[in-house]
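> Have a look at this one before I ask anything.
Rule-based calculations on the coordinates, nothing more; no lab input. The shown structure was predicted, so the numbers you read here are calculated from the model rather than taken from an experiment. Glycine gets a Cβ as well: all are built from the backbone with ideal geometry, and neighbour counts include every protein chain shown.
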Amino acid sequence: HVKSEARGHVRVYESKTDQLIHDRWALQADLGHALRNGELSLHFQPQAEINGRIFGFEALMRWTHPTRGPISPDDFIPLAEESNLILDMSAWILTEACRTAASWTQPLTVAVNLSPIQFQHSELPRLIRQTLVDTGLRPSRLELEITESVLLGDFAHIVSMLRRIKAMGVRIAMDDFGTGYSSLSYLQAFPFDKIKIDKSFIQSIGRTEQAMTIIRAVIGLCRGLGIPVIAEGVETEEQRSFLAQEHCPEIQGYIVGRPAPIRVYGQIVDRLDPARTR
Ligand code: C2E
Ligand code: MG
Ligand code: MG
Ligand code: MG
C-alpha cells in the first residue's frame, strides 16, 4: 500500500515537472516570434527626486502573449537569455527607448536594463553608439542599468567595455544593489554613476530594523563616495518619508508612478514650459 502510494506521488510529481518543462519550451518557441509579431512593447516608469519632481523614466520590456496574455519579464527574460533571443530584443528596446526619449520636448533621462549576455558580444559599445546616432538622443540622457550578474563574466573585459560606454557620456547604474554577493567590491572596481537600492530593502521599511539600518548605511556610503543613489520599489508614504528623513535623494516606485505606456505620462514628457536643464 505504502509503496503504491509513494509511486503515485512520484508520478504526479513527474507529470507536473513535465508540464513545466513543456511550458518553458512552448513559451520559448513563442518568444521567438514575439518581436516579429509585434507582441513586445515598452513601459516607462518615472524616477523622481525625493520632492516628487520627475527627472526621467526607466524603460521596462513587456510581452503580451497572444493567448496567455501578459507574461512577467522575470519569467521571459531568462528564457530570452538562454536562447540568445535577448540580443535582438535588447537592441529593439534600446532603439525604442532612445527614439521615444529623443521625441520628448523635455530633456528627461531614460534608463535601459542590459543583460549579461549582451556583454559576451564585443560589439555592444558600437551598438550603443550607433543607436544614439540613429535616434539623435544626447548620450547624457541615457542611463544603462546593469546588475551584479553582468560583472560575473570576464571581469577585466566587462569593465573595459563599461569604460568605453561611459566614455561616450552615457551613464552606468548598478541595479538591485545589495542583493548580490560582493556588491561593495564593485563600487571600487568601476565608477558607477548611480546606485539603485533594491526594492526588497525598501519593502522592509517599518518591518525590520535590519533593512532600515542597511538602507541608512547604503545612503551614507553612496554620499561618502559621491555616487547618486535611488531607492527602488517605493510604494507607501511610510517608506517615502523614511527615505526623506534619511536624505535619500531619489525614488522610483508605485508611489511616484507605475510602469505604463508613455502616453500615460505625455503631460510630463511634453510639458510646454521652458525645459529645465539637469
Ligand atoms: P528591475 O530593472 O529591477 O526593474 C524594477 C522592477 O520593479 C520592475 O519589474 C518594476 O515594474 C518593479 N517595480 C517598480 N516599482 C515597484 C513598486 O513600487 N513595487 C513593486 N512591487 N514593484 C515595483 P518588471 O517590469 O516586472 O521587471 C522585472 C525585471 O525584469 C527588471 O528588474 C529587469 O531586471 C528585467 N527587465 C525588464 N525589462 C528589461 C529589459 O528591457 N531588458 C532586460 N535585460 N531586463 C529587463
Ligand atoms: Mg532596472
Ligand atoms: Mg532593480
Ligand atoms: Mg530586478
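> Work out, step by step, the length gained on full extension between residue 255 and residue 75: first 0.36 nm times the residue separation, then minus their alpha carbon distance; give nm to one decimal.
Roughly 62.3 nm would be gained on extension.
> By count of other Cβ within 10 Å, fewest leading, how are 76, 242 ordered?
Neighbour counts put them in this order, fewest first: 242, 76.
> What order do you get for 27, 272 when you list them from fewest to most C-beta neighbours inside 10 Å?
Least crowded to most crowded, the residues run 272, 27.
> So, one more: Could you calculate the contour length gain from residue 129 to residue 187, that is, 0.36 nm times the residue separation minus the distance between their Cα atoms, to one decimal place in nm?
18.4 nm
> Considering only the other residues whose Cβ falls under 12 Å of the Cβ of residue 173, what net charge follows from Lys and Arg at +1 and Asp and Glu at -1?
-4
> As a check on your grasp of the helix formula, calculate [θ] at 222 nm for the chain: sum -39500 (n - 2.57) over DSSP H runs of n ≥ 4, divide by the residue count, round to the nearest 500.
-14500 deg cm²/dmol
> Contour minus end-to-end for residue 138 and residue 157, with contour as 0.36 nm per residue of separation and end-to-end as the Cα-Cα distance?
4.2 nm
> Here's something else I'd like to know. Please compute the contact order of the chain in relative form: average sequence separation of alpha-carbon pairs under 8 Å and at least six residues apart, divided by the residue count, as a percent.
Value for the chain: 19 percent.
> Okay, moving on. For labels at residue 25 and residue 200 in the simple 7 Å Cα→Cβ model, what's the distance in nm?
For residue 25 paired with residue 200, the spin-label model returns 3.2 nm.
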